[in-house]
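Let me begin by presenting the structure, written as structure tokens, before commenting on it.
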Amino acid sequence: MSMPPSAALLTKVLTQAGVGADHFKSFIAIQMSWPRLVNARYGGKNRMSTQDFITRLKERGQKPVTSEYFLQQIIFVVPESKKSIIGKRKSEAEASRKRYPGCEQAKTFAATMLDVSIKDLGRILEPELPTEWKDLVTKTPEGGTTATRVSEKGVEYLAVCKKQQVSDDYAAEVVFRAEDLSKAEKGENPNEKKYLDELRSKAQITQT
């Protein structure tokens, strides 16, 4: 894990830039994106502090509700040296979706076909779904399968083993963090101001 810029360096940059947010962002962008910086400090993959979590719940008034999925990944493997067979494998994958027996019998089902891999992905909340799969998964009913996608592994699709609405502490934190990341990507993260205010309070501004 890389270390964040030192307080001395940040103070120097803020002083030279007149504590201007735009100048500060430009400097940081050389090393990492602004959303990544903010979320490395207040969110991202890091767990929220208990106090921040309680504050967000009070602001919301209640725990947010999101969808919880238990997914299974079915991959019709295509070796790197045999990309020419993708069309054939895609047809095989599409045909298998019509005969898919359900998650419990999937591994036995896959054993009847050549070079087919089955992987249980476990519990995944809607905000955690990869962008390329999100629309496909959310439109698929429980017990169903998504449309196929060509990936670096071959041709794959997902089966929705279970789908339900949840509103527990973990789900709430995932929703809050996803909201923060979305705002950060749009340049609207409220933590941005909090972070800059914190830096200003620590900086020793001198005038020459």
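The values are calculated or read from the model by the stated rules, or taken from the named source; none is laboratory data. On a predicted model such as this, the values are computed, not experimentally measured, just so you know. Cβ placement follows ideal geometry from the backbone for every residue including glycine, while neighbour counts extend to all protein chains displayed. Note: areas computed on protein heavy atoms with side chains; ligands, DNA, RNA excluded. Shrake-Rupley method; radii C 1.70, N 1.55, O 1.52, S 1.80 Å.
Each row is one residue, and each column tells you yes or no for (1) touching a helix residue (DSSP H, G or I) at 6+ places or on another chain (Cβ under 9 Å); (2) basic (Lys, Arg); (3) in a loop (DSSP other than H, G, I, E, B); (4) at pLDDT below 90.
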{"position": "113", "(1), (2), (3), (4)": "yes, no, yes, no"}
{"position": "132", "(1), (2), (3), (4)": "no, no, no, yes"}
{"position": "136", "(1), (2), (3), (4)": "no, no, no, no"}
{"position": "147", "(1), (2), (3), (4)": "yes, no, yes, no"}
{"position": "159", "(1), (2), (3), (4)": "yes, no, no, no"}
{"position": "191", "(1), (2), (3), (4)": "yes, no, no, yes"}
{"position": "196", "(1), (2), (3), (4)": "yes, no, no, yes"}
{"position": "208", "(1), (2), (3), (4)": "no, no, yes, yes"}
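Answer yes or no as to whether residue 70 is closer than 17 Å to residue 124 by Cα and either touching a residue at least 24 places away in the same chain (Cβ under 8 Å) or in contact with a Leu (Cβ under 6 Å, 6 or more places away or on another chain) (or both). In short, yes. The number of residues in the range 116-142 being of a type in the set (Gly, Ala, Ser) and more than 23 Å from residue 89 (Cα to Cα) comes to 1.
Picking from residues in the range 169-189 that are surrounded by fewer than 13 Cβ atoms within 10 Å (Cβ to Cβ) and either among the charged types (D, E, K, R) or over 30 Å from residue 75 (Cα atoms) (or both), the one that is modelled with the highest pLDDT is 169. Filtering the range 36-74 to residues that are at pLDDT 90 or above and farther than 29 Å from residue 165 by Cβ leaves nothing.
The residues of the range 74-125 that are open to solvent by 50 Å² or more (accessible area, probe 1.4 Å) and within 30 Å of residue 179 (Cβ to Cβ), listed by number, are 119, 120, 121, 123. Exactly one residue out of 98, 107 is assigned to a helix (DSSP H, G or I), in contact with a strand residue (DSSP E or B) (Cβ under 7 Å, 6 or more places away or on another chain), at pLDDT below 95 and farther than 30 Å from residue 62 by Cα, and it is 107.
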